[in-house]
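The values are calculated or read from the model by the stated rules, or taken from the named source; none is laboratory data. Every value quoted in this text rests on a predicted model; they were computed, and no experiment measured them. Ideal geometry is used to build each Cβ from the backbone, glycine not excepted, and the neighbour counts take in all protein chains shown. When the accessible area is computed, the model is the full protein with side chains, heavy atoms only, and any ligands, DNA or RNA have been set aside. Shrake-Rupley method; radii C 1.70, N 1.55, O 1.52, S 1.80 Å.
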Amino acid sequence: RFSIVVFGDDAKTWKEELTVANDANKKAASQWVNGLQWQPATVTDKALEKAFSVAGVDTVYLFSDGIPERRVNGKNTDIPQDEVIAKAKQLNLIRKMRINCYGFATVSPAVRSFLQRLATENDGEYKDIR
């Protein structure tokens, strides 16, 4: 079973509940993803909140290419990485979800470090995507 959470200027969920991973649902999810529009921010904190709101989730695969940020008055503003790590820790106190992180090959050392730490502190793994 699976769901998809995407994030840019906001975070949204393909399905609010886990869905059977049959061919029809995989095709529908793929079509939904293909219809998404690029957004300039990387609201990692909101994406984590959305992922934790899906009942039954025990593993998250977080793919990112940027430092956590939010849009404020039309401009991107960095979210302190420690704030996002603390939010994940708080959300994960009871759930004990594994958060695996994947950084695109273009990520900076700062992004890589953040994603590695987020994964490590949540029983996950970090990998570069090339």
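Points to keep in mind about this one:
- Any hit, the stretch 77-87, residues being open to solvent by 80 Å² or more (accessible area, probe 1.4 Å) and over 25 Å from D9 (Cβ atoms): no
- Here the stretch 106-130 is the region considered, the condition is being part of a loop (DSSP other than H, G, I, E, B) and open to solvent by less than 50 Å² (accessible area, probe 1.4 Å), and the residue that is nearest to D10 (Cα to Cα) is V107.
- Residues within the stretch 74-98 that are in contact (Cβ under 8 Å) with a residue 40 or more places away in the chain and not charged (D, E, K, R), tallied: 5
- The listed residue being among the acidic types (D, E), surrounded by fewer than 16 Cβ atoms within 10 Å (Cβ to Cβ) and in contact with a helix residue (DSSP H, G or I) (Cβ under 8 Å, 6 or more places away or on another chain), out of D10, D23: D10
- Residue list for the stretch 96-110, restricted to those being β-branched (V, I, T) and at pLDDT 90 or above: I99
- Failed item, numbered, when V84 is tested on (1) in a strand (DSSP E or B); (2) under 16 Å from the mean Cα position of the chain (by Cα): (1)
- Flag for G103 being open to solvent by less than 50 Å² (accessible area, probe 1.4 Å), out of contact with any Pro (no Cβ under 8 Å at 6 or more places or on another chain) and not in a loop (DSSP other than H, G, I, E, B): yes
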